Amino acid sequence: MIEQYITLEDWAKMHIAFSVSKATLQAWAKSGSIVPRPIKLGRRWAVKANAIYVDPTQVVVSDISDPVIRRILNGG
């Protein structure tokens, strides 16, 4: 089955209750705030229609299983 991709703008209209600028959507795509991560096709970003926004400030460090990464992120 072929995955359906849509533009970031169309995705935002479906999933975000307020207006979001194109620059913000592109920043979210680059930073990994949209899961699964969007892909760049030429000059345009494409995202799976069922993708979700994940607030990067809400990521729980304890969920990371690698102890080295956890130690780096926890600052010690």
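The values are calculated or read from the model by the stated rules, or taken from the named source; none is laboratory data. What you are looking at is a predicted structure, and each value in this text was computed from that prediction instead of being measured. The protein model used for the area step is the full one, side chains on, heavy atoms only, and it has no ligands, DNA or RNA in it. Shrake-Rupley method; radii C 1.70, N 1.55, O 1.52, S 1.80 Å.
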Among rounded, prolate and oblate, which fits the chain when a ≥ b ≥ c are the square roots of the eigenvalues of its C-alpha gyration tensor, a/c under 1.5 means rounded, and a/b larger than b/c means prolate? prolate
The answer for ILE34, listing residues at least 5 apart or on another chain whose modeled amide H is closer than 5 Å to its amide H, is VAL54
Regression test value, accessible area per residue of the chain, probe 1.4 Å, units Å², expected 75 Å²
Applied in sequence order to the stretch 10-25, the curve 6.51 cos²θ - 1.76 cosθ + 1.60 (Karplus, θ = phi - 60°) yields integer Hz couplings, x standing for Gly and Pro, of 5, 4, 4, 4, 7, 10, 10, 6, 10, 6, 10, 5, 4, 4, 5, 4
Kindly write out, for the stretch 44-51 in residue order, the coupling ³J(HN,Hα) from the Karplus curve 6.51 cos²θ - 1.76 cosθ + 1.60 (θ = phi - 60°), rounded to whole Hz, with x marking Gly and Pro. 10, 8, 10, 9, 5, 4, 9, 5
